[in-house]
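Questions regarding the structure given below will be posed in turn.
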Amino acid sequence: MTVRIHSARRADVEQLRSICIRTGDAGADASGKEDAPELLPAIFLEPYLVFAPDCAWVAEDGQGIFGYAVGVADSVAFGKWAERVWWPDLRGTYPEPDTDKAGWHGSDWLRHRLHHPPEALAAPLSRWPAHGHIDLLPRGHGTGVAELLMKRMMHSVWKQGARGIHLGVAASNARALRFYEKLGFEPVEFTPEPETVCVVRALTGEQ
Ligand SMILES: CC(C)(COP(=O)(O)OP(=O)(O)OC[C@H]1O[C@@H](n2cnc3c(N)ncnc32)[C@H](O)[C@@H]1OP(=O)(O)O)[C@@H](O)C(=O)NCCC(=O)NCCS
């Protein structure tokens, strides 16, 4: 089957949302786990498509789109934009859960994150100002397509001026951690979010 890598188009959004949900539990299907699964793409996918469409890449085969990589070159600018444009409507729709984490259930962790996103670019990450996300359905795993998508995305953010990139990875996602290691990412001690590992690498334009 021929695989085509191309820029994300408006018409792709539904398929991309579905992939985001089906890979949203540290790489596994999150559909059954969340009571508001639509918050996964609303937080981790759609703002990237709107803010940085030139850095959003998808992989498609005869069955449809099966993977994507999205990124932003300037996490600080992205954070400011999201505070102004993206989060307000969503915050109106999804109220903040109780501050006591012990009472959280379902998608409360996403509702909380919506109201309290991590700092856009904490000082220990300042050398790696870009960040992004990659998700492929299982039929794309182990095919080399993920590497192609990451390289396209990293080249795009490099073209927009970024000379380093950081990614947050669920600490339990051993496959993703191994994948990033193969791509030259290294873990740093600092992590902006609980239960995640932050991996970083320099960007040279030759990705
Ligand atoms: C993470 C992802 C992009 C990686 O792409 P991929 O094509 O699966 O990656 P690769 O097959 O090139 O590399 C994965 C590596 O992890 C290894 N691996 C697989 N399962 C593993 C496990 N449970 N523990 C440790 N390593 C594991 C593979 O053997 C491979 O290493 P190798 O090439 O040395 O054998 C893809 O699996 C994916 O989209 N997963 C679902 C969504 C996700 O987790 N996204 C990342 C969120 S941060």
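Bear in mind these aren't lab numbers, they're just calculated from the coordinates by the rules spelled out. Note that the structure is a prediction, hence the values are computed from the model and not measured. Here the Cβ is made from the backbone with ideal geometry for all residues, glycine too, and neighbour counts use every protein chain on show.
Report, ordered by chain and residue number, the lysines lying within cross-link reach of Lys101, taken as a straight Cα distance under 19 Å and ignoring same-chain residues fewer than 8 apart.
Lys101 reaches Lys33.
Tell me the label-point distance for the pair Phe190, Val76, using the 7 Å Cα-to-Cβ offset, in nm and rounded to one decimal.
1.2
Could you compute the net charge surrounding Leu49? Neighbours are other residues with a C-beta less than 15 Å from the C-beta of Leu49; K and R count +1, D and E count -1.
For residues surrounding Leu49, the net value is -2.
Starting from the amide H of Thr196, placed 1.01 Å from N in the peptide plane, find each other amide H under 5 Å away whose residue is 5 or more places distant or on another chain.
Under 5 Å from the amide H of Thr196: Ala171.
Could I ask something else about it? Please report the relative contact order for segment 4-163, taking Cα pairs under 8 Å with a sequence separation of at least 6, and give it as a percent rounded to a whole number.
That works out to 30 percent.
Which percent, to the nearest 5, of DSSP beta bridges fully inside the chain are antiparallel?
The antiparallel fraction comes to roughly 95 percent.
List, in order, the whole-Hz ³J(HN,Hα) value for each residue of segment 119-132 obtained from phi through the Karplus relation with A = 6.51, B = -1.76, C = 1.60 and θ = phi - 60°; use x for Gly and Pro.
3, 4, 8, 5, 3, x, 9, 4, 6, 10, x, 7, 8, x
Right, next: How long are the semi-axes of the ellipsoid equivalent to segment 4-163, from square roots of 5 times the Cα gyration tensor eigenvalues, in whole Å, largest first?
After scaling each eigenvalue by five and taking roots: 25, 21, 14 Å.
I would also like to ask the following. If you add up the charges near Val70, with Lys and Arg at +1 and Asp and Glu at -1, over every other residue whose beta carbon is less than 11 angstrom from its beta carbon, what do you get?
-2
Summing +1 for each Lys or Arg and -1 for each Asp or Glu, what net charge is found among the other residues whose Cβ lies under 11 Å from the Cβ of Ala120?
Net charge around Ala120: -2.
The chain: longest stretch without exposed chymotrypsin sites (Phe, Trp or Tyr not before Pro) (DSSP loop, at most 15 other Cβ within 10 Å), sites themselves excluded?
In short, 1-103.
What are the lysines whose alpha-carbon lies under 20 Å from the alpha-carbon of Lys151, with same-chain residues fewer than 8 places away excluded?
Within reach: Lys159, Lys182.
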